[in-house]
Each structure stands twice: as structure tokens, then as C-alpha cells.
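Some notes on the structure that comes next.
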Amino acid sequence: MSNLGFYRVVQVPGLPQARPVLTIQLGTPPCVGGQLRLSWLAAFPGFTLQYAFSPVGPWFDANLPVTIVGNDFVVCDTLGAAPKFYRLLK
């Protein structure tokens, strides 16, 4: 006796991964006057801050010091003449 039957294979998308929200503020401590404070929750380790001079790139690692202030990772970046776009990448 044979156990032949029909099977259906269904692919379902995985659960979306939580992503940090990048907050940008002007001159908020520990950053000073002409600096931007870029921060995201410390509950999201392992992300790299990147910048570009255009929203489509090319993107570069910011390579700026990251400190922890309260519950946030914080990076201070100096304002320049050209606009900058930021993102977090993992």
C-alpha cells in the first residue's frame, strides 16, 4: 500500500527585524554649538553610522567616536558647508 499524497509548500516572509530610529539634533549635549547629535537606542548594538552627500550615495562609514549617554549610542558630527545624509547599517 502506498502513501502517496499531495503537498503544498508555502513560503512566508519572516518576521521583520526591529531597526533603530536615528535621531538628529543640533547642539544637544554632549555635542556643542556647531555639532549635530546623532543617536539611537543602545538596545541596537552592532550598527554602523554612515553618511553621504546625496541620498543615493555613495555611502561612507562615519568613523566617529560612539559614546553611550543614558540609553543611547551618541555620535557628534561637525556641521559642514555641504548637506549630509545619514543612515545606520548592519
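Values quoted throughout were computed directly from the atomic coordinates according to the rules given, and no laboratory measurement underlies them. This one's a predicted model, so the numbers in the text were calculated from it and none came from an experiment. Positions of Cβ are backbone-derived with ideal geometry, glycine not excepted, and every protein chain shown enters the neighbour counts.
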* So between Y86 and V32, what do we pick up on full extension, going 0.36 nm a residue minus the alpha carbon distance? -> 17.5 nm
* Structure fact -> Neighbour-count ranking for L49, L89, L41 (other C-beta within 10 angstrom, fewest to most) reads L89, L41, L49
* Looking at region 40-90, which chymotrypsin sites (Phe, Trp or Tyr not before Pro) are DSSP coil and have at most 14 other C-beta atoms within 10 Å of their C-beta? -> F53
